[in-house]
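A.B. asks: Please read through the structure below; I'll follow up with questions.
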Amino acid sequence: MNGSARLWLLHAAVVALLVALNFLLPAYHHGLMARILVLATFAMGYNLTFGYGGLLSLGHAMFFAAGLYGAGLGIQHLGLGVPAAFLAGLACGAALALLAGLLALRTTGVAFMIVTLMFSQAFHLAILYFSAFTGGDQGLVLRPQQRRIETALGTLDLTDPTTRYLTALALFAVVLFAMLAIVRSGFGRVLVAIRENEERARMLGYDTFASRLAALVTSGTICAAAGAAYGLLFGYVGANFASVQYSILPLLWVLLGGAATTLGPLFGTVFMYYLIDIASGYTSAYMLAVGVILILLVLFFRKGLLGTLRERWLRWLP
Amino acid sequence: MGFGPHLLLAVLEGLVTSAVLALTALGLSLVFGVMRVVNVAHGELFMLGAVLAWAVATAVGGSPALGFVAALVIAPLIVGAVAALAEQLVLRRVDYDPEATIVATIGLLYILQQLALTFYGADARPVPPPFNIRLALPWFGYSAYKLSIIATSTVLLLLSWLVLTHTRAGLIMRATQYDRETAQAFGIPVGRVYAAVFAIGAMLAAVAAVLIVPISQAHYLMGQDPLLLSFAVVIIGGLGSLRGTVVAALLIGISDGVISMFFSPTLAKLIATLAVAMVLVFRPQGLFGKAAR
C-alpha cells in the first residue's frame, strides 16, 4: 500500500468511526458530539492559518460569527431558505476574510495578532451596536420551522438529532478531506515553506503575500461554514460567539490536538470539550482548567497530541 | 446645560480616563519595550489590583482615607509579586518566545479571571473614595477626587520619567531594551531586570486600578477594556516612547470621553478599535515613534 492510499484510508476510517458513533452514542453524548463536529470544523479552519500558515491570529471569532450572522440574519430578515442562508454565511465569511487579510497581512508576528484581535473586537462591537438587526446581547433564536429544507424527496428537519448529527458530520468530512487535499497540494507545501522561512520562499519566486491571503480567505470561509452550520443546526445566533473567547478556543483546540496536523483539531476539540464538560460537573471554575492547560501546553507539550505522535513514531502523518 | 459646559464635562471625564490609561499603558509599554513580549494578562493584573484594593480597604476598615491609602500601597505590591512569580515560573521557561508568551499569558488571563470570580464573586463592589469633596463649578459640581486622580497620575508619570532617564536603574533598563546581549556582556543581570520590569509593569496597572476603583467599582471582568485601550495607546504612541504613551493616552482618553458623551460608548470603542488597527497596519512604528531600526 503506498503512502497516499494509506492516508486516505486513515481519514476515511476516522469518518466511518464517526458515522458509527451516530448509532452507538447515547442521546446526551450524541448531541454533544454534533456540536463538537461543528466546532472541530472551526478548529480545522483556524489550523490552516495558524498551523500551516504560521500566523497567530486572535481574530477568528469574527469569521465564525460572520457565518453565523450571515446565515441567521439572512433567514430572519431576508426570509432565505436554509441552503441559501448557508451560502450567504459563507459569502460573508469569505468577503470579511479577504478584507481583513488585505489589511492585516501587511503586518506579521505580534502586530498581526493585535490587528486581528482589534478587527474581531470591532466586529463584536458592531454586532452589539446594530442591535436593532442583530438582537445585540440577546442574539436571535431561529424557529424550528425556519430550519427545514424542503426537497423533492421530503423535508429535511435540522432540529432532528440524527439529521443534525449527520449534517454536522457531512460538513466535517468535506472540510477534513479538503484540508487533506490542500496540505498535500503544492499550495499547502508553499504555505509551510513560507512559515519556515519567508525570505527564502520569496527568493525562490513565490508571492508570499498572495499565498498567505489565499490561506486566510480559505481559512475564513471554512470558519464561516462552521459558524453558519452552528446557527442553522442549533438555532441560536448570539454575540458571544464573536467575543475574544471564541478566538482563543480554536487556538487552544489546535494547540492541544497538534498544530499543522489534519486530524489534530478533531482530537483537540473532543478532548477539550469533554474535559470542560466533565470538569463543569464538579466545579464551576472550568476557565481555570482552560488557563492551566494553555500554560502547561506551552511549557511542556508544544507540539500537541498528534504533533508529538508524528515526531516520535508516525513520520508520515500529514 | 449648554454645549460648552457639556463639552467641558466630557473633556474632564476624558482626562480622568487618560490619567488612568496612561499609567496602565506605561506598564504594558515598559514590558513590551524592554522584554519584547506582549502581556495579554495585563488587563487581568489591572483587575487584580482593583479587587485587592477592595479586599484591603474592607479588611482595614476605619476611615475611608486609611483604607484607600493601605490599598494603594498593598495591592500593587501583591500584584507585583504575582507578576514576578508568573515571570519566573512561565515566561522564563519559554525563553520569552513571542508567540509562546502570548499563549501563556492568555492562560494566565483565564486563571486570574476565574480565581477572581471564585473568591471575589460576580458582584461589582466599590471602594469608598478617600475624601468626598465636590467642587462647585458655575455649571455643575465636580468630584475633587477625580481631579486628584489626574494629579496623582501626572506625578507618577513624571516620577517614572525621572527614574528612566536619570537613575542607574533606568539606565540598566534602557540598556537591556536597546541590546540584550551587549547588556549581558557588560554584566547586567538581564534575567533579574526582566523579572523586575515585568513586576513594575504589573504594579503600574495595579496602581491605576486602585485609583479608578472609587469611581468605577471592582468587577472580575473589568480587565478587558483597559487591555484593549492600553494596546491602542502603546501602538499609537509608538513602542518604548514615554512621551508618545502620554500623548496617545490623552488622545484616546479625551476622544473616548467626548464621543461617549455625545454618541454611544459602544460606537466610541468601535471607532477607537478600528483606528488603532489601521495605525498598526499603515504606520507600525506608531504616530510618534521613529521608524524601526
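What follows draws every value from the coordinates through simple rules; no lab data is involved. Because the structure is a prediction, the values reported are computed rather than measured. Here Cβ is always computed from backbone atoms with ideal geometry, including for glycine, and neighbour counts include all displayed protein chains.
A.B. asks: Summarise the partner chain shielding of B:112-118 as one whole number: the mean count of Cβ atoms from other chains within 10 Å of each residue's Cβ.
C.D. replies: Per-residue shielding by partner chains comes out at 4.
A.B. asks: Moving on. Which of B:GLU44, B:GLU99 has the fewest other C-beta atoms within 10 Å, and how do the rest follow up to the most?
C.D. replies: Starting with the residue having the fewest Cβ neighbours, the order is B:GLU99, B:GLU44.
A.B. asks: Would you mind classifying the range A:41-178 by shape? Square roots of the alpha carbon gyration tensor eigenvalues, ordered a ≥ b ≥ c; an a/c under 1.5 is rounded, otherwise it is prolate if a/b is larger than b/c and oblate if not.
C.D. replies: oblate
A.B. asks: Let me ask something else about it. Assign unit charges at the C-beta atoms only (+1 for Lys and Arg, -1 for Asp and Glu), then state the dipole size of the range B:164-293 relative to its Cα centre in Debye, rounded to the nearest 20.
C.D. replies: So the dipole magnitude of the range B:164-293 works out to roughly 360 debye.
A.B. asks: Could you line up B:HIS219, B:HIS42 from fewest to most neighbouring Cβ atoms inside 10 Å?
C.D. replies: So the ranking, lowest neighbour count to highest, is B:HIS219, B:HIS42.
A.B. asks: Next question, about the same structure. Only counting other Cβ atoms within 10 Å, I'd like B:SER241, B:SER148, B:SER264, A:SER4 sorted with the fewest neighbours first.
C.D. replies: Working: B:SER241 19, B:SER148 16, B:SER264 12, A:SER4 9.
With the fewest neighbours first, B:SER241, B:SER148, B:SER264, A:SER4 line up as A:SER4, B:SER264, B:SER148, B:SER241.
A.B. asks: Let me ask another. Please give the average number of partner chain Cβ atoms lying within 10 Å of the Cβ of each residue in B:266-277, rounded to a whole number. Let's see the in-between values first.
C.D. replies: On the way: counts 9, 3, 1, 6, 8, 2, 4, 10, 7, 2, 5, 15.
Whole-number average of other-chain Cβ neighbours for B:266-277 is 6.
A.B. asks: Separate question: Only Lys, Arg, Asp and Glu count, each charged at its Cβ (+1, +1, -1, -1), so figure out the dipole size of the range A:3-242 about its Cα centre, rounded to 20 debye.
C.D. replies: The dipole magnitude comes to about 300 debye.
A.B. asks: Let me ask something else. Report the local net charge at A:GLN76: Lys and Arg +1, Asp and Glu -1, summed over other residues whose C-beta lies under 13 Å from its C-beta.
C.D. replies: +2
A.B. asks: Still on this model: Using the Cα gyration tensor of the range B:64-200, with a ≥ b ≥ c the square roots of its eigenvalues, what is the shape: rounded (a/c below 1.5), prolate (a/b larger than b/c) or oblate (neither)? Present the calculation step by step, with values, prior to reporting the outcome.
C.D. replies: Details: a/c = 2.84, a/b = 1.49, b/c = 1.91.
Oblate shape, in that a/c is at least 1.5 and b/c is the bigger or equal ratio.
A.B. asks: Whole-Hz Karplus ³J(HN,Hα) for the range A:32-45, in order, using 6.51 cos²θ - 1.76 cosθ + 1.60 and θ = phi - 60°, x for Gly and Pro?
C.D. replies: The phi angles translate into 4, 5, 4, 4, 4, 5, 5, 5, 5, 5, 4, 5, 5, x Hz.
A.B. asks: Using the Karplus equation 6.51 cos²θ - 1.76 cosθ + 1.60 (θ = phi - 60°), what ³J(HN,Hα) coupling, rounded to whole Hz, does each residue of the range A:177-183 give in order, writing x for Gly and Pro?
C.D. replies: Along the range A:177-183, the couplings run 5, 4, 4, 4, 5, 4, 6 Hz.
A.B. asks: Tilt of helix B:190-216 relative to the longest C-alpha principal axis of chain B, in degrees (0 to 90, nearest 10)?
C.D. replies: 10
A.B. asks: I would also like to ask the following. What is the projected area of the convex hull of the Cα atoms of the range B:3-282, averaged over all directions, in nm²?
C.D. replies: Averaged projected area of the range B:3-282's Cα convex hull equals 15.4 nm².
A.B. asks: Right, another one. Treating only the Cβ of Lys, Arg, Asp and Glu as charged (+1, +1, -1, -1), what charge dipole size does the protein assembly as shown show about its Cα centre? Round to the nearest 20 debye.
C.D. replies: Rounded to the nearest 20 debye, it is 940 debye.
A.B. asks: What are the ³J(HN,Hα) couplings of the range A:306-317, residue after residue, when phi is run through the Karplus curve with 6.51, -1.76, 1.60 and θ = phi - 60°? Round to Hz, x for glycine and proline.
C.D. replies: Going residue by residue, I get 6, x, 5, 4, 5, 5, 7, 10, 9, 4, 7, 5 Hz, with x marking Gly and Pro.
A.B. asks: Let me ask another. When you have a sec, figure out the Kirkwood radius of the range B:41-93 from all distinct Cα pair distances and drop it here in Å to one decimal?
C.D. replies: Values: mean 1/r = 0.0859 Å⁻¹.
By the Kirkwood definition, the hydrodynamic radius is 11.6 Å.
A.B. asks: Give the long-range amide H neighbours of B:ALA218: residues separated by 5 or more places, or on another chain, with amide H under 5 Å away, using H modelled in the peptide plane at 1.01 Å from N.
C.D. replies: Long-range HN contacts for B:ALA218: B:ARG125, B:VAL127.
A.B. asks: Okay, moving on. At q = 0.13 Å⁻¹, work out log10 I(q)/I(0) for chain A with the Debye formula, treating every Cα as an identical point scatterer and leaving solvent out; two decimals please.
C.D. replies: So the normalised log intensities work out to -0.96.
A.B. asks: If a/c stays under 1.5 just call it rounded; otherwise compare a/b with b/c (prolate if a/b is bigger, oblate if not). Do that for the protein assembly as shown, with a ≥ b ≥ c from the square roots of the Cα gyration tensor eigenvalues.
C.D. replies: Prolate shape, in that a/c is at least 1.5 and a/b is the bigger ratio.
A.B. asks: Let me ask something else about it. Could you work out the local net charge near B:ALA116, counting Lys and Arg as +1, Asp and Glu as -1, over the other residues with Cβ closer than 15 Å to its Cβ?
C.D. replies: -1
A.B. asks: I would also like to ask the following. Given the DSSP H assignment, sum -39500 (n - 2.57) over each helix run of at least 4 residues in chain B and divide by its residue total; what's the result at 222 nm in deg cm²/dmol, nearest 500?
C.D. replies: Calculated mean residue ellipticity at 222 nm is -25500 deg cm²/dmol.
A.B. asks: Cβ neighbours within 10 Å, averaged per peptide: list B:186-197, B:78-89 in order, most packed at the top.
C.D. replies: Ranking the peptides B:186-197, B:78-89 by packing returns B:78-89, B:186-197.
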